[in-house]
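Right, one structure below, let's go through it.
The values are calculated or read from the model by the stated rules, or taken from the named source; none is laboratory data. Treat the numbers as computed from the prediction; the structure is a model and nothing was measured. Here the Cβ is made from the backbone with ideal geometry for all residues, glycine too, and neighbour counts use every protein chain on show.
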Amino acid sequence: MSGRIVRWLLPLVVLAGCVTPLEDILDPAIDLDDVEASVTLLDTTVKEDMGGVYSVEEGQQQFGDTIALRWNARDLSGFGTRNVCFLTMRGGVRGDTGVIEGTWRFTTGSSTGIIRLRALPDEGGRALSGGTVKAKDIVWRGTWSGADGANARPLVLRGKRALFRRPNGFSIIAHRGGGRNSERYGVSENSLEMMRLASRLGATGIEIDVHRTRDDQAIIFHDPTFTPRTIRGAYVLGDVENYTLRQIKAVARLVNGEQIPTLEEALRTVIDETPLEMVWLDIKAETIIDSIIAVQKRMMEYAVQQRRTVKIYLGIPTSEVRDAYLASPLRGAVPVLCELDANSVRAVDAAVWAPRFTAGLQLDVVKQMHREQRRVYVWTLDDPNFMRSFLTDGDFDGVLTNYPMLLAAIFYTRAL
């Protein structure tokens, strides 16, 4: 018996050994709650006006020439293309001086640290305090340092203009709940923790993957199988559909220790705990389409009760899911996003068409979809050159990406 157990466990040990841990990232020595508690907070209108495109006058070697600053509820996020950097800060005013402090981070590696900035009274601080400010009137002066706060160096951001806005809106959609590279943040893809983080990374919406358990429960998980790439726990390897929800909740953990959420848990978290405006449900389990639609409909009603504007789309990525939807008695009960051809989009009366980027700009088809009052999202763009091309030459209403902070930097800093 023991010999058979050893032989059965050996492949699991080998598989686990194939997962190479990434370099640890130091947590910067700053508490954002303490920063927030030390200032008078800004109202929503002032936050909106303060957000904008800022030129980097000192600190260019670290952060590049331009940073886009944008508030997301309590957090002021900053995005730059150099090293795919992003900032997470909080702040307000102390008297007639503006104060923002927080962290900086490079997506391309493990570099991180602390930022402390001030807007002096004559450089926008007084206007911030008085509630009459525009980004172009603010100069932020201060320092950036490493994670321990030592060796601080000058950083100056001068306001240039407002953030770029698309007249009909634009969705920055983070793949797998926030970005497939989420292991760099110490949280797992498709986890509740990742969804809570997504807006800090620049996302205004997220895409999440919906699978079924053996007892027909909808869970958020991408792959059809549990493997050491995505799961901790030797007792839950193999097909996702082989396990009940109770078994998964009891012994399976995502790679950073989080539980695998149900669809309802995920949507409730988005509604209650994030400023996200859109959720794209990528359906991997057409056999439970009715129960997925029922949860989606219930959570859309809950969002209205909570006075939250959140679009939730039932994603149709395959002909199997399309056919299951068309056969469902709940057809038409929820908004639909379709990745298939134009005829399929019309057959399911999708609110959104979502073609793959490899099909190109498809300007004529996009124009026709807009005439039919449908939005168009393209997926999955991760290369900055492709992002710029699709934003400049295309007419898309949103982009799905693994790097929402990079897309945010490119989109918001476009010329008005």
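Of all residues in the stretch 151-175, count the ones that are of a type in the set (D, E, K, R) and under 22 Å from residue 391 (Cα atoms). So the answer is 4. Hey, does the stretch 71-81 have a residue that's among the polar types (S, T, N, Q), farther than 20 Å from residue 98 by Cβ and touching a strand residue (DSSP E or B) at 6+ places or on another chain (Cβ under 6 Å)? For the stretch 71-81, residues among the polar types (S, T, N, Q), farther than 20 Å from residue 98 by Cβ and touching a strand residue (DSSP E or B) at 6+ places or on another chain (Cβ under 6 Å): absent.
For the stretch 188-198, the set of residues classified as surrounded by 24 or more Cβ atoms within 10 Å (Cβ to Cβ) and not hydroxyl-bearing (Ser, Thr, Tyr) consists of 189, 190, 194, 195, 198, listed by residue number. Listed by position, the strands (runs of 3 or more DSSP E) inside the stretch 313-416 whose residues that are in contact (Cβ under 8 Å) with a residue 60 or more places away in the chain number at least 3 are 398-401.
For the stretch 64-74, the criterion of being modelled with pLDDT of 95 or more and not in a strand (DSSP E or B) is met by at least one residue.
Filter the stretch 130-183 down to residues that are basic (Lys, Arg) and touching an Asp or Glu at 6+ places or on another chain (Cβ under 7 Å) and give me whichever is nearest to residue 311 (Cα to Cα).
As a first pass, look at the stretch 130-183 and keep what is basic (Lys, Arg): 134, 136, 141, 153, 158, 160-161, 165-166, 176, 180.
Now narrow it down to the ones that are touching an Asp or Glu at 6+ places or on another chain (Cβ under 7 Å): 134, 158, 176, 180.
Numbers: 134: 30, 158: 35, 176: 17, 180: 22 Å.
Ranking the qualifying residues of the stretch 130-183, first place goes to 176.
For residue 268, the conditions (1) free of Cβ contacts under 8 Å to residues at least 40 places away in the same chain; (2) over 30 Å from residue 375 (Cα atoms) are fulfilled apart from (2). Taking first residues from the stretch 176-193 that are within 24 Å of residue 283 (Cβ to Cβ) and partners that are at pLDDT below 80, the Cβ contacts under 7 Å between residues at least 6 apart in sequence or on separate chains come to 188/182; 189/180; 189/182. Scanning the stretch 242-257 for residues that are surrounded by fewer than 17 Cβ atoms within 10 Å (Cβ to Cβ) and of a type outside the set (A, V, I, L, M, F, W, C) yields a total of 6. In the stretch 323-336, is there at least one residue being in contact with a Ser or Thr (Cβ under 9 Å, 6 or more places away or on another chain) and closer than 16 Å to residue 210 by Cα? The answer is yes, given that some residue of the stretch 323-336 is in contact with a Ser or Thr (Cβ under 9 Å, 6 or more places away or on another chain) and closer than 16 Å to residue 210 by Cα.
Of the set (1) modelled with pLDDT of 95 or more; (2) surrounded by 13 or more Cβ atoms within 10 Å (Cβ to Cβ), all apply to residue 29 but (1). Of 239, 209, all but one fail to be modelled with pLDDT of 95 or more and over 22 Å from the mean Cα position of the chain (by Cα); the exception is 239.
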